[in-house]
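Derivation of every value follows stated rules applied to the coordinates shown; laboratory data play no part. Fair warning: this is a prediction, and the values are worked out from it, not measured in the lab. No Cβ is skipped: glycine too gets one built from the backbone with ideal geometry, and neighbour counts run over all protein chains shown.
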Amino acid sequence: MFSIQTYIERRNTLKRAVGSGLILIMGNEEAPMNYTDNTYRYRQDSNFLYYFGISLPNLAAIVDVDSGEEIIFGDEFTMDDIIWVGPQPTLAEQARKVGVYRTEPYGKLSEKLAKAAQVHFTPPYRYENKFKLSQWLAIPVAQLKAKASETLIKAIVAQRSIKSAEEIVQLEEAVNITREMHLAAMRETQAGKKEYEIVAAIHAKALEFGGELAYPIIYSINGQTLHNHYHGNVMTEGKLALNDSGAENSMHYAGDITRTIPVSKKFTDKQKEIYNLVLQMQLSAINALKPGITYKEVHLLANKVLLQGLSELGLVNGDIDTMLTEGVQGLFMPHGLGHAIGLDVHDMEDLGENYVGYREGIDRSTQLGLKSLRMAKELEAGHVITVEPGLYFIPELIDKWKAENKFTNFINYQALDKYRDFGGVRIEDNCLITPDGYQVLGKPIPKTVEEVEALRS
Ligand code: GLY
Ligand code: MN
Ligand code: MN
C-alpha cells in the first residue's frame, strides 16, 4: 500500500475535478470458476485500488463531493469466515490505512444512493456490479454504460494517466519481474518441447518474485495470431517463438513486454531481415517519444519504416506516403503501436478506450491497424505507454486481400508466398514520457539479434 497521504490526496484531487454529487467506486467480488467457493484469482478493481487501496472482495466506497464525507461499505468477517480463511483486520482498521474513517455494512449502500441527488459511477464491466447498479439506480443493464458519469470518467482518466514518482517505482518493479519471465523463456525455449512447458516457466517467475500475471500469457510459434493463448504445439527447429507476457507486481501495477526469439539457437537470415525491420520500427518509434507529439504520429512513423523495409524486401512497391495513407501496412501490422499501461495492462480501458487515448479533433480511424490504435493523442510527461510494433504474415488475411485484388498495384502477392509459414514478430517495451523525452522502464531485456542469440547459446 502507498501512504495514507497518497490516497487522501488522490481523493481530494478527484473531488475537485468532479465538483459536486456523490462518487461511487465499486470494488470487485470473487469470481467463481465452477461453484461459489472455488474462485479465479481475485483481482480488485483498479479504480478502487487507486483511490481506496484495499485489495479485498465485497467492498464499495462513496465520496460525497458536497459534504466531503467518505465511506467504505463492507461486512465484517464472521467466525465462519475466520475459520476458513483466517483472521483479518476489521474493515475500520483497513479503512484507516487509506485515510477513511467511516465504514458501514454493505447493505446500507443502496439507502445512501437512494438519497443522493446525483450519483457518479464508472461503466461496470463485471456482471455482479452491473446487476447491483441496475437494481440500486433503477437503470436497465443495457443502459448502464451510457448513463455512466462522463465527468467522473474524465476526471479519473486525467488523474490516472499521469503516473507519480511512486507509481513509476511500482511499474519498474513490474517490468523487472517481467524481465525475469522473458529471460526464463529465452533460456528454456528449445525444439522438441511443448509451448506450455515454457509457459509454465514464465508463470513461475512471476510467482517467484511475488507477482502474478498482468494478462494471460501469449507464447506461441504461431505469432501471426496476435493474442494466441493456445500453448499445445511442439516447437520445431526453424520456427520463431513470440512471447508476450507481463507481471502484475504485489501493488498490482502491470508490465507488458514482447520478445520474439528463434526456437533454434540462431535466427535464420530470413528471420533476421524481418526481425531487424521490426526492431528498426521500434527504435524509431521510441526515439520519437516526447511530450507534445501525438501517438498517432509515432504509430504512422513506425508504419512508414515498415513500408520502407517491405519495399526493400520487394514485398511492396510504390510511393511510401501513398501506401501509408491508403493503409497497405494493415496487411502486415493489423494492430496499434501501443497503449497506456498502469494498474491495468490496457490502462483504464474499462472507462472507455477513446477517453484514454483520443480527444476532440483526433477521430478513430476505421482502417485496419489504425482502428486498433488505443493511444492516439498528444503524449504528456508522466504518461506510461507501450511501444509494440509487429510484422505478421497471416495466411488467411493475405488470401482474402489477394482474392479481393486489394492493393494489387502495391503488394507483391507472389513474393509474399515465400513468407506464408513465417509466423510473426513483435517487440514491445514500456516507456515513461519525461519532460524532455522518454525513459524505457526496467533493466534492459535482450533485444538485438546478437543479444538474443547470446542468451540462447
Ligand atoms: N499484452 C497485450 C498487449 O500487448 O496489448
Ligand atoms: Mn503485450
Ligand atoms: Mn501491449
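The sum of -39500 (n - 2.57) across all DSSP H runs of n ≥ 4, divided by the residue count of the chain, sets its helix-only mean residue ellipticity at 222 nm to -11500 deg cm²/dmol. Shown here are the Rg and Dmax of the Cα trace of segment 52-149, at 14.7, 43 Å. Taken over segment 1-115, the alpha-carbon convex hull comes to 112 cubic angstrom per residue.
Which whole number of Å³ per residue matches the convex hull of the alpha-carbon atoms in segment 307-367? Walk me through the numbers on the way to the answer.
Numbers: hull volume 6.6 nm³, N = 61.
Each residue corresponds to 108 Å³ of Cα convex hull volume.
Residue 39 to residue 269: FRET efficiency via 1/(1 + (r/R0)^6), r the Cβ-Cβ distance, R0 41 Å, to the nearest 0.05? Write out the running numbers ahead of the final one.
Numbers: r = 50 Å, r/R0 = 1.21.
Calculated transfer efficiency: 0.25.
Pairwise Cα distances in segment 277-400 exceed 25 Å in 22 percent of cases.
The C-alpha atoms of the chain define a longest principal axis, and helix 295-312 lies at about 20 degrees to it. With the biggest extent put first, the Cα atoms of segment 291-334 measure 36, 17, 16 Å across the principal axes. With only Cα atoms counted, segment 103-226 has Rg and Dmax values of 21.5, 65 Å. For the chain, report the % of Cα-Cα distances exceeding 42 Å. Roughly 21 percent, rounded to a whole number.
Give the peptides 333-342, 277-286, 191-200 in descending order of average Cβ contacts within 10 Å, highest first.
Details: 333-342: 24.7, 277-286: 20.8, 191-200: 16.5.
Result, highest mean Cβ count within 10 Å first: 333-342, 277-286, 191-200.
Relative to the longest principal axis of the Cα atoms of the chain, helix 165-188 runs at roughly 40 degrees.
Based only on Cα atoms, what Rg/Rh ratio does segment 170-307 have, Rh being taken as Kirkwood's radius?
Details: Rg = 15.9 Å, Rh = 15.9 Å.
A ratio of 1.00.
Measuring against 29 Å, Cα to Cα, the residue pairs 15/132; 97/296; 15/108; 147/377; 265/443; 296/406 contain 97/296 as the ones spanning a longer distance.
Taking all pairs of distinct Cα atoms, average 1/r, flip it, and tell me the Kirkwood hydrodynamic radius of segment 332-452 in Å to one decimal place. Kindly include the intermediate steps, with their values, before the conclusion.
Values: mean 1/r = 0.0598 Å⁻¹.
Value: 16.7 Å, from the Cα pair sum.
Ordered by the number of other Cβ atoms lying within 10 Å of each residue's own Cβ, fewest first, 387, 452 fall into the sequence 452, 387.
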